[in-house]
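Novice: So that we are looking at the same thing, I have put the structure below in structure tokens.
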Amino acid sequence: MADFSMVGGGANAIEGGFDYTATSGKTITASGTADTVGTYVEMVASGDNDFTSEEVYIVIMGPGPTSDATFLVNIALGTSDTVIIPNLFAWRSAANSGDSIYIYHFPVRINSGEAIKAGCQSSVASATVDVHIIRPKKSLPGFVGGGAVTAYGANTADTGGTAVVRGGANAFGSWTEIDANIDEEIKGFVVAAIRPVTSWGTGRLTFDVGVGSGTPEIIYSGHLIHNSGDERSQGSITPFIGVSVAEGERLAIQAQAELANTDYDFDYIIYGVR
């Protein structure tokens, strides 16, 4: 007899924090001091959180056209604002008339009865992003989500990630270390790749994630990002990649673009689910 599939079987996937009066998420405001986390905003009240979920989608919208800014968004639980998913990278631009939308997906458990909140810091004091979450509700037994996420390569001092320089046209640059020695085994990861400054070229970019010292072993490749000159990007956030990495391993990234241009030197953050 064939094994029973764990795919599907969900009852629904319901938003938390969506503002239907504005057709967007809740507005989250960074601190009045740049590169500092502001006040946390409740996405789901503890009394309204009536089910345990094993995965969560976080939708971040940087409204445009407003001043250029980078953001690191935290998802937290409870009255003490315990962060379980930190430093989700996002960008908003003054150069385009539309909004920049970033969607992250993590198989992370959130128990019923917990208040779910979001807070952010920005490179610009008091800058705002809109955030909401989506949580699938399972009706059949299945996988159990991880406990939390670690952000490797995040730089809270400047609200960015770790800079990686691409090589020549259609050629990889050197490997750049994201973390020398991860402190816990991770079950899989998501990668964010964003150019954190103005001046974006129009073209394609790819990158590899590797593990190990010396020349790393490639564990993820083939992701494609397309940037446009109006500072809009497609593919900045990878899906969740279910490849485990052992405690103590080194994480590194190499990148290439179709053009030999500094406009394709991005900041990267790797989010490991543990």
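Novice: If I filter the range 82-123 down to residues being in contact with a Lys or Arg (Cβ under 9 Å, 6 or more places away or on another chain), of a type outside the set (Asp, Glu) and not in a strand (DSSP E or B), which single residue comes out as surrounded by the fewest Cβ atoms within 10 Å (Cβ to Cβ)?
Specialist: So the residue we want is Gly98.
A quick yes/no check of all residues on (1) under 24 Å from Ala257 (Cα atoms); (2) not hydrophobic (A, V, I, L, M, F, W, C):
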| site | (1), (2) |
| --- | --- |
| Ala148 | no, no |
| Ala157 | no, no |
| Phe172 | yes, no |
| Glu185 | no, yes |
| Thr198 | yes, yes |
| Tyr220 | yes, yes |
| Ile225 | yes, no |
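Novice: If I ask for residues that are modelled with pLDDT of 95 or more and part of a strand (DSSP E or B), which ones from the range 14-42 would you list?
Specialist: If the condition is that a residue be modelled with pLDDT of 95 or more and part of a strand (DSSP E or B), then Glu15, Gly16, Phe18, Asp19, Ser24, Gly25, Lys26, Thr27, Ile28, Thr29, Val41, Glu42 are the ones that fit.
Novice: Also, I was wondering about something else. When you scan the range 56-71, do you find a residue that is in contact with a Pro (Cβ under 7 Å, 6 or more places away or on another chain), outside the structural domain of Arg232 (by TED's automatic domain parsing) and crowded, with 17+ Cβ neighbours inside 10 Å, even just one?
Specialist: Of the residues in the range 56-71, the ones in contact with a Pro (Cβ under 7 Å, 6 or more places away or on another chain) are 70.
Adding the requirement that they be outside the structural domain of Arg232 (by TED's automatic domain parsing) leaves 70.
Still in the list and also crowded, with 17+ Cβ neighbours inside 10 Å: 70.
Scanning the range 56-71, I find at least one residue that is in contact with a Pro (Cβ under 7 Å, 6 or more places away or on another chain), outside the structural domain of Arg232 (by TED's automatic domain parsing) and crowded, with 17+ Cβ neighbours inside 10 Å, so the answer is yes.
Novice: Let me ask another. Hey, can you tell me all the residues within the range 77-93 that are touching a residue at least 60 places away in the same chain (Cβ under 8 Å) and within 30 Å of Gly229 (Cβ to Cβ)?
Specialist: Correct list: Asn87, Leu88, Phe89, Ala90, Trp91, Ser93.
Novice: Which of the residues spanning the range 217-237 are β-branched (Val, Ile, Thr) and farther than 25 Å from Ala95 by Cα?
Specialist: In the first step, residues of the range 217-237 are kept if they are β-branched (Val, Ile, Thr); the result is 218-219, 225, 237.
Ile218, Ile219 - these are the residues of the range 217-237 that are β-branched (Val, Ile, Thr) and farther than 25 Å from Ala95 by Cα.
Novice: Turning to a different aspect of this structure: Can you spot a residue in the range 196-203 that is at pLDDT 95 or above, under 23 Å from Val73 (Cβ atoms) and among the hydrophobic types (A, V, I, L, M, F, W, C)?
Specialist: Scanning the range 196-203 turns up no residue that is at pLDDT 95 or above, under 23 Å from Val73 (Cβ atoms) and among the hydrophobic types (A, V, I, L, M, F, W, C).
Novice: Inspect the range 43-64 for any residue being at pLDDT 95 or above and more than 24 Å from Val108 (Cβ to Cβ) and give the result as yes or no.
Specialist: no
Novice: Within the set of pairs 6+ apart or on separate chains, which have a first residue in the range 17-40 that is of a type in the set (Phe, Trp, Tyr), a second that is modelled with pLDDT of 95 or more and outside any strand (DSSP E or B), and C-beta atoms under 8 Å apart?
Specialist: Correct list of pairs: Tyr40/Asp81.
Novice: Follow-up. Every residue in the range 176-232 that is among the aliphatic types (A, V, I, L, M) and surrounded by 21 or more Cβ atoms within 10 Å (Cβ to Cβ), please. Don't jump to the end; show me each part of the working.
Specialist: Of all residues in the range 176-232, those among the aliphatic types (A, V, I, L, M) come to 178, 180, 182, 186, 190-194, 197, 205, 209, 211, 218-219, 224-225.
Matches in the range 176-232: Ile178, Ile182, Ile186, Val190, Val191, Ala192, Ala193, Ile194, Leu205, Val209, Ile225.
Residues checked against (1) crowded, with 19+ Cβ neighbours inside 10 Å; (2) in contact with a Ser or Thr (Cβ under 8 Å, 6 or more places away or on another chain); (3) in a loop (DSSP other than H, G, I, E, B):
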{"residue": "Asp130", "(1), (2), (3)": "yes, yes, no"}
{"residue": "Arg135", "(1), (2), (3)": "yes, yes, no"}
{"residue": "Phe143", "(1), (2), (3)": "no, no, yes"}
{"residue": "Ala151", "(1), (2), (3)": "yes, no, no"}
{"residue": "Ala157", "(1), (2), (3)": "no, no, yes"}
{"residue": "Ala163", "(1), (2), (3)": "no, yes, no"}
{"residue": "Ser174", "(1), (2), (3)": "no, no, yes"}
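Novice: Restricting the search to the range 172-209, which residues are among the acidic types (Asp, Glu) and free of Cβ contacts under 8 Å to residues at least 60 places away in the same chain?
Specialist: Of the range 172-209, the ones among the acidic types (Asp, Glu) are 177, 179, 183-185, 208.
Residue satisfying the conditions is Asp208 alone.
The values are calculated or read from the model by the stated rules, or taken from the named source; none is laboratory data. Quick caveat, the model's predicted, so the values are computed rather than measured. A quick note on method: Cβ atoms are made from the backbone with ideal geometry, for glycine too, and the neighbour counts reach across all protein chains shown.
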